[in-house]
1. Go ahead and run the numbers for FRET between S340 and Q380, Cβ-Cβ distance against an R0 of 60 Å, rounding to 0.05.
2. Which pairs break 22 Å Cα to Cα here: K118/K191; K98/K264; K91/K152; K294/K407?
3. Grab the Cα-Cα distance for S154 and D400, subtract it from 0.36 nm times how many residues apart they are, and report the gain in nm with one decimal.
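No value in this document is a laboratory result; all are computed from the given coordinates. On a predicted model such as this, the values are computed, not experimentally measured, just so you know. Every residue, glycine among them, receives a Cβ derived from its backbone with ideal geometry; neighbour counts consider all protein chains shown.
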Amino acid sequence: IAVNDNFDSDYINPSVGMDMASKSMFNDMYARDIAKKLVTVLKEKRLRGEYIGSYAPYGYLKNPENKNHLIVDSKTAPIVQQIFEWRAEGKSYTAIAKELNSADISSPSRYRFENGIKTNLQKKGLDILWGRHMITIILNNIVYLGHTAQGKQSSSYYKGIPNHKVAESEWDVVYNTHTPIISEELFQKVKEMNNERKEKVKSTWNKYDFLPKKKSLYGNKLLCAECGCIMKIYRNIGSRKDKVWFTYICPTHSSYGVSRCHRKSIPMKQLDDSILSSIKGHIQTFLDKERIVKEKMEKEKQSIDDIYTKYHNRDVDKEIKKLKQLLLTAYTDMKDGILSNEEYIAVKQDTQQKISRLEGENIAYENIIKEQSNTERKQQIFSSIQKFYNAAELTKEMVDAFISEIKVHSDNTITITFVYDDVWENLSEICTVMEE
């Protein structure tokens with residue numbers, strides 16, 4: 001529907017259709033032309049060394065008199081210098097991030113949030129701490145040498161090219177566009193150290209490939225109970241380099257320390273054994289309760305059928321309401337002297353017994369309905385049980401079939417939410433009601 005052009009595709013005629021097709025074509029051509037001109041203008045600005053980012057890099061501010069020029073931010077520039085000095089001293093990215101978080105120094109995202117600079121991370125602003133990723137970005141950015149490197153990402157509407165990273169050789173780099181924060185000597189020293197560390201990691205990357213590797217069986221189902229982050233699996237290599245063991249660790253604590261989350265670490269074997277044992281126990285409980293329910297329902301079949309029929313022909317809630325009203329009326333009659341105290345007590349006891357019986361039948365009926373509605377889900381459960389009942393070890397398929405969520409607490413205890421928890425609970429309720 002195009003309101004301004006009085007067009008509705010449900011009521012189209014050939015002449016109007018041709019007009020709309022022509023307008024759509026010209027509108028598309030116009031949009032492509034605007035996009036092309038905009039890309040050209042931004043490219044020219046970048047090549048002139050004008051800064052066109054939405055907000056200034058950490059350590060700088062946009063010049064109030066010229067938004068395309070960067071000036072040093074006296075509050076954050078010393079922090080950038082400290083980061084480079086720490087790295088030059090040999091500190092790791094993670095260690096630098098921990099130092100900054102321990103000192104409660106605002107991360108770039110948090111700093112922008114505190115100063116009213118809007119970004120895509122606005123809602124998370126106060127929660128974002130320093131991390132390895134941000135330290136890496138700062139230590140590799142030539143903006144701190146007084147140069148601008150832009151065009152690191154690109155997209156083109158008129159060419160139909162989506163947003164993508166651009167090779168470093170194709171960046172738009174202009175030198176000496178603003179005041180530097182870091183000396184060339186310090187920047188090169190850090191760069192050399194980064195390259196050395198990178199080569200060292202590369203040289204040992206495949207060194208222990210002969211040792212086993214594992215993938216998490218739990219995916220995004222295994223969470224830290226405190227911060228909600230997905231627990232990650234870490235491979236630990238023994239001192240003799242001939243054995244490995246695997247541990248699930250909270251990455252928030254690993255990256256930020258206790259300032260953000262307390263330590264959670266649980267050995268993979270311990271967790272797998274606990275989950276397998278819990279699933280098997282859950283399966284056995286289900287089978288036991290299902291057997292009891294079936295036996296009871298078979299034994300009490302006539303009573304259940306009577307309740308089921310009765311509820312289809314009567315409004316029991318309405319009857320309960322009437323009986324409660326009768327109790328109130330009897331009490332009023334007793335107060336007014338119409339009924340004696342003994343007569344009132346007799347009416348009260350008789351009415352309460354009827355209410356209790358109807359309420360019990362109400363619960364029984366609701367559980368019968370639940371039991372019937374769970375038939376399809378029970379078939380799914382039985383299918384999974386049949387498949388995994390004799391499983392000797394835990395598998396991802398088994399986890400997906402039975403586990404909804406696992407939370408790891410600081411004392412290494414775990415809370416498990418099963419996929420069919422509602423069916424299990426319903427079975428327990430039915431068992432209790434039938435026994436009563």
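1. Values: r = 61 Å, r/R0 = 1.01.
After rounding to 0.05, the efficiency reads 0.50.
2. On the way: K118/K191 31 Å; K98/K264 17 Å; K91/K152 28 Å; K294/K407 34 Å.
Those over the limit are K118/K191; K91/K152; K294/K407.
3. Working: separation 246, 0.36 × 246 = 88.56 nm, distance 3.93 nm.
Stretched fully, the S154-D400 segment lengthens by 84.6 nm.
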